[in-house]
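Worksheet for the structure shown next.
Please treat every number below as a calculation from the coordinates, not as lab data. All figures in this text were calculated on a predicted structure; none of them were measured in a lab. All Cβ positions, glycine included, derive from the backbone under ideal geometry; neighbour counts span all protein chains shown.
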Amino acid sequence: MSRLNINNLTNENEDGSPRISGISTFSSTAFLEAPKGTTAQRPENVAPGMIRFNTDSGHLEYYTGEFWDEVLVANNTLDGGNRGMIAGGGNGTDTIDDIEYVTISTLGNGQFFGNLTLGLRRNMGSVASSTRAVFAGGANVNGSAGQTANIEFVTFSSTGNSTDFGADLTIAKRNIGCSSNSTRGLFAGGYTSSPTNLDFASIDYITMASTGVAAQDFGDLHREHKDPHSVSSSTRALFAGGGTVPGSVQTNRIDYVTISTLGDAQDFGDLNAVYVGVTPVGNSTRGIFAGGAQSSTLSNVIQFVTIASTGDTQDFGDLIETRMFGGGCSSSTRGVIYSGSDSGGSTRRAIEYITISTTGSASDFGDTFTSGGLGLLGNGCSNGHGGL
């Protein structure tokens, strides 16, 4: 066997790595430094399989032949799989403070995790890192006590009640669109019902590991509205659908932002119809939007997009039950659609799931721990979502 010892190797223009052919084995106790740069510095006209380190996302990525995608890293498994988390909720008359969880790779009913410590709430926003789930905003008991700006969190690997984050959103609001990568959580849109109905376009952001640091302004959605439901990769967050409270104007537009930057959202494409209350799930490649309602008519339609591209949704399949405002949680392979409600506010107890990389109708997963279901949830979260 021949041995070649090299300390540094570049090409003559220093604009990329040279191509080395014929080497079948590489061994070292040190490291191999990959080419690196920001998302904006991604090279053009590259061949499929080319690898680089993205300094924005902190992940290795490779070129598929169509777009740059992340190299899959080890999952944060608990009980043999990623953990999905659902907090709060309610129906037309009651609001709860339960936190439930499921192991996404299995089938079965939800299990009790603990309670929210900052009061009964529904229509919260939730974001997650690989270790921590963060819940923000929401409405108090039946919405009659108004909205809150409170933020609280739990650690995925434990069970127990939530802990105050020690800082708040920039404004009290409910029905928030939420997304995150491994470090930063975004809270977009939403509305307040008191003292008057008011919708928001603003996007807040937090660093999930930094308790005690208040949310800061990120930018704005394309317009003021509530319920912009979100999916994400490590670089991009998509906010889909939603509507206004004054005037009840609904939208099918999908906005997107680059999570590591600041700025206003841009147009990604459209849902296949005007929806509110869709349930979002997805991995780093594909974003999926399930169910929802057009005016007061519930839908069982599931639709999807490729997050790295732009364009309108395509048909994926159907839910078993029509529902709106379910909680979505995902691993890299499976999306779980958790509870939700009908157009009258009565809750769905059933949990369904899909395999993200395929297309087809949903299958039965189990039932919620809470006997009445969780109803108007907003977003769920997990330690295996597409932004990690």
**DSSP loop GluC sites (Glu not before Pro) with at most 14 other Cβ within 10 Å: longest gap in the chain** = 67-388
**Prompt:** Which length gain, in nm to one decimal place, applies between Phe31 and Asn109 when the Cα-Cα distance is subtracted from 0.36 nm times their residue separation?
**Reply:** 23.6 nm
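What full-extension length gain, to one decimal in nm, is calculated for Ser210 and Ala40 as 0.36 nm per residue of separation minus the Cα-Cα distance? Spell out each step's value before the answer.
Values: separation 170, 0.36 × 170 = 61.20 nm, distance 2.68 nm.
Extending this stretch completely gives an extra 58.5 nm.
Quote to one decimal, in nm, the extra length available between Thr359 and Thr297 on full extension: 0.36 nm per residue of separation minus the C-alpha distance between them. Don't skip to the end; give the middle numbers.
Numbers: separation 62, 0.36 × 62 = 22.32 nm, distance 2.39 nm.
Difference between extended and current length: 19.9 nm.
Mind giving me the FRET efficiency for Asp367 and Asp94? R0 is 25 Å, r the Cβ-Cβ distance, nearest 0.05 is fine. Write out the running numbers ahead of the final one.
Values: r = 18 Å, r/R0 = 0.71.
After rounding to 0.05, the efficiency reads 0.90.
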**Message:** Net charge around Val154, counting only other residues with Cβ within less than 13 Å of its Cβ (Lys, Arg = +1; Asp, Glu = -1)?
**Reply:** -3
**Message:** Using Cα springs under 10 Å in a Gaussian network model of the chain, which residue among Phe325, Phe67, Phe156 shows the largest mean-square fluctuation?
**Reply:** Phe67
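Calculate the FRET efficiency for Gln314 and Ala167 from the Cβ-Cβ distance with a Förster distance of 30 Å, rounded to the nearest 0.05. The partial results should precede the final answer.
Details: r = 40 Å, r/R0 = 1.32.
Efficiency, rounded to the nearest 0.05: 0.15.
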**Complete:** Pseudo-spin-label distance Tyr62 to Asp267, built 7 Å along Cα→Cβ, given in nm, is 3.6 nm
